[in-house]
Every structure is written in structure tokens, then in C-alpha cells.
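The values are calculated or read from the model by the stated rules, or taken from the named source; none is laboratory data. Owing to the predicted nature of the structure, the values given are computational and were not obtained by experimental measurement. Positions of Cβ are generated from backbone atoms using ideal geometry, with glycine treated the same way; all protein chains shown enter the neighbour counts. For the accessible areas, the whole protein counts, side chains as well, though only heavy atoms, and no ligand, DNA or RNA atoms are used. Shrake-Rupley method; radii C 1.70, N 1.55, O 1.52, S 1.80 Å.
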Amino acid sequence: MTTELSAPRSRLALFDLDHTLLPLDSDFEWGEFSIRIGWADRDAFGRRNQAFYDQYIAGTLDVHEYVQFATEAARLRGAAESAQAHERFMREVIQPAIRQEALDLLRSHRDAGDEVVIITATNEFVTRPIAEALGVEQLLAVELERDAEGWITGAIRGVPSMREGKVQRMEQWLAERGWTWSDVHSTFYSDSMNDVPLLERVDLPVATNPDPRLRALAQHRGWRILDLFPPKP
């Protein structure tokens, strides 16, 4: 009598980006950078940028409204000028913030044979170069609608990768590969209560640099807690 062995499950290591792999919020910092280079008014834009960030932390953000606001300065200046500005943003803001601890964590999963995916509520314009700098090819970010010339319109294309949308985007990604959740062993690292839907869906949730509410929830549920960076106040 023979026993048929089931195929080994593929291993996925999923990562939020802001305050998880980076000790900052790249979307918020892009807005602040836009002010510094003269693309936006300090008072008017700065107040709205902070207000949207506070809404995100509170879990009340309208992502469509925010993306329309956050991409306006780049939309008005066009692809070439925006690409140059983003290169400067990477040099001055993002590269200095990349920590060895985050690179080591990513490397440990790659060395173990895991497929590494960054899944973030920040839009693709801001995050694609960041994922590349971190050495991560697979990025699920908020996708931006493009006009006939291929430049962003300010609208979101498809399901935004935020809150429950992260679960939907991951399920789409899995389906494109002929997989379901049962075909993979999944780990997800995140700092935010906004990511509870995906943390609840994976096999191994890891509250990483968690905000106070997520830290309390992780302690209550017995989830692993990982502080790559100093805990938030």
C-alpha cells in the first residue's frame, strides 16, 4: 500500500512597506519633499497632507481622494520632471532611511527560498523605485490610471491595496499563478491596524514595529511581534 504525498506548499514572505521595512511613511514624505522643492505650498498642502496621514492612522482615509491629492504636483509637471524629482527623493530621503536590519530580514527570506512580495497602500509611482532599492521585484502597490500618453491621471486603477483590498490584491496575485491560499505558506509583516484583514488571512502574522493598537491586538492574539526599529510612542 502506498501513500500519496501532497506537494510542498510554496512559501511567501509578504511585507508592508511604510514603518515596516522603512522607518517612515514614503507617501507622507513624498508630500513633504514636494513642499521642499517648491512644488506645493507649505501651509495649504502641508495641512492637508498631515490631515490625510492622520486619517490613515485612524483607519478612515478615503484612498481615492488621497491619491488624487497626493499625485497632483507630479501630474502637473509631467513624467520627465517627476522622474528627476523622484531620483532626488530617493537620494535625499529614502536611501538614508534604509536600515540594515530590514535588508537582513529580506535576505533571510530569500535565502530560505521564500518568494518576497511588498504589498503597500502607497502608490506605484512613489514605491516602485523603493522596492527596487530594497531588492524586491514583486510589488503590489496602489496602481494608477494612465492617460493616452501614458502619464498618471490621479485616479486609481483596479482595487487599491489598502485594508481589505490587500487581501483582494493578494488573491488576484495568487490566482495569476494558479494558486490559492491553501497552496502557499504565507507570512505577513506589518506595522498597522489597517492591515489586520491580511494579517488575519495569512498563516503567520508578524506585527512589525507595530502601532500601539496593533501591538495590543498582537499581544492578545499571540501573534509574533518584531521590533526592527525603536517602538513608536
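Between the helical axis of 100-111 and the longest alpha-carbon principal axis of the chain there is an angle of about 40 degrees. Beta bridges assigned by DSSP with both partners in the chain are antiparallel in approximately 10 percent of cases.
The trypsin sites (Lys or Arg not before Pro) found in the range 140-193 that occupy coil by DSSP, while having at most 12 further C-beta atoms within 10 Å, are ARG177. Exposure check, 1.4 Å probe, all protein chains in place: THR153 carries approximately 50 Å² of accessible surface.
Toward the positive end of the charge dipole of the chain, about the Cα centre and with charges on Cβ (Lys, Arg +1; Asp, Glu -1), which of ALA112, VAL142, GLN219 goes farthest? Looking along the dipole axis, the top candidate is GLN219.
Report, to the nearest 10°, how far helix 72-89 tilts away from the longest principal axis of the Cα atoms in the chain, using its own Cα long axis and a range of 0 to 90°. Between the helix axis and the principal axis of the chain, the angle is about 70 degrees.
With each label modelled as a point 7 angstrom along the Cα→C-beta vector, the ASP111-THR180 pair spans 3.6 nm. Phi angles of the range 185-198 translate, via the Karplus equation with coefficients 6.51, -1.76, 1.60 and θ = phi - 60°, into HN-Hα couplings of 9, 10, 10, 9, 9, 7, 9, 10, 4, 4, 9, 4, x, 7 Hz per residue; Gly and Pro are given as x.
3J(HN,Hα) along the range 155-160, derived from phi through the Karplus expression 6.51 cos²θ - 1.76 cosθ + 1.60 where θ = phi - 60°, amounts to 8, 9, 9, x, 7, x Hz, with x in place of Gly and Pro. Comparing mean-square fluctuations of ALA216, ALA112, ALA97 from a GNM of the chain with C-alpha springs under 10 Å, the top value falls on ALA112. Each residue of the range 49-55 was assigned a 3J(HN,Hα) from its phi angle through the Karplus curve 6.51 cos²θ - 1.76 cosθ + 1.60 (θ = phi - 60°); the sequence is 4, 5, 5, 5, 4, 4, 5 Hz, with glycine and proline shown as x.
Computed from Cα atoms, the angle from the helix 124-133 axis to the main principal axis of the chain rounds to 60 degrees.
A straight chain from GLN55 to GLN84 at 0.36 nm per residue would run longer than the Cα-Cα distance by 7.5 nm.
Apply the a/c threshold of 1.5 to the C-alpha gyration tensor of the range 71-204 and tell me whether it is rounded, prolate or oblate. In terms of gyration-tensor shape, oblate. Solvent-free Debye calculation, one equal scatterer per alpha-carbon of the chain: log10 I(q)/I(0) at 0.10, 0.17, 0.18 Å⁻¹ equals -0.47, -1.33, -1.48. Loop-located GluC sites (Glu not before Pro) across the range 1-106 with a Cβ neighbour count of 11 or fewer within 10 Å are GLU4, with loop assigned by DSSP. Between HIS64 and HIS220, the simple spin-label model (points 7 angstrom out along Cα→Cβ) gives 3.1 nm.
Rounded to the nearest 20, the Cβ-based charge dipole of the chain about its Cα centre (Lys and Arg +1, Asp and Glu -1) stands at 340 debye.
Backbone amide hydrogens, once placed in the peptide plane, bring HIS185 within less than 5 Å of SER10, ARG11, LEU12, excluding anything fewer than 5 places away on its chain.
With the helix formula -39500 (n - 2.57) applied to DSSP H stretches of n ≥ 4, the chain reaches a computed 222 nm mean residue ellipticity of -14000 deg cm²/dmol.
Here's how it looks for ILE156: its modeled amide H is under 5 Å from those of GLU145, which are all 5 or more places away or on a different chain.
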